[in-house]
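Bear in mind these aren't lab numbers, they're just calculated from the coordinates by the rules spelled out. What you see is a predicted model; the values in this text were computed from it and never measured. Positions of Cβ are generated from backbone atoms using ideal geometry, with glycine treated the same way; all protein chains shown enter the neighbour counts.
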Amino acid sequence: MNRTLLIGSFLLSLACNNNTTENNSATDTIKVAVAASQPPANDTAAFWAGFQQALQEKNDDKLIMLTYFPLSGITPFLDTDKPAPAAGGDTAQFITALPVILNKALRNQVLITPWDSLWVITPADFEQQVTGGQTLLPVIDPGTNLRLCYAQWAGDDGKETNQALVFGRVKGEYKLCGITWKGGIY
């Protein structure tokens, strides 16, 4: 959001200055650079609508198709007392852990959040702000930002907790590619 305000302020200041060819060229270059760094908005909107629909309908097959495996950050949500499944283990573990991953607070947040309200974060900022964030970055398409759906609530112990689903472009398609819990990917 701050980056958008900064770029918007910069563009406004250029527009208020005299309209020389040099200023117009700089503005055009900035607009092109900003536009090129992000996938088209309709890709995000279409992915998000499909993800919300799959969640609403509890469509496990569609959720699997919309998720990149191995899913970063799933470990805290797995039942470690059970042996890990062999073939298709990632997807089987994901489906088994889904009710815990998508607890009531996060599930509700996903269902009410419009696509254009997802948090947008650069890979560099994600790496700095999220413990273990660097493990996710190699799978994300270069030059694209991550999007997060974040929820915060009081846990059973009354203490604040939080969780976010992390979405990114992987091989040209948006996917759920990570889960943060209490500020990290574990």
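List of remarks:
- Listed values for the range 147-161 are Karplus-derived 3J(HN,Hα) couplings in whole Hz (6.51 cos²θ - 1.76 cosθ + 1.60, θ = phi - 60°), namely 10, 10, 10, 10, 9, 9, 7, 8, x, 4, 7, x, 8, 5, 9, and x replaces Gly and Pro.
- With contacts taken as Cα pairs under 8 Å at a separation of at least 6 residues, the range 99-163 carries a relative contact order of 37 percent.
- Backbone geometry of the range 126-132 corresponds, through the Karplus equation with coefficients 6.51, -1.76 and 1.60 at θ = phi - 60°, to 3J(HN,Hα) couplings of 4, 4, 6, 9, 10, 4, x Hz, x marking Gly and Pro.
- Each of the peptides 161-169, 46-54 was scored by the mean count of other Cβ atoms within 10 Å over its residues; in descending order, highest first, they stand as 161-169, 46-54.
- Relative contact order of the range 47-186, defined on C-alpha pairs under 8 angstrom at six or more residues apart (%): 27
- Global geometry of the range 41-181, whether rounded, prolate or oblate, following the gyration tensor of its Cα atoms and the 1.5 cut on a/c: rounded
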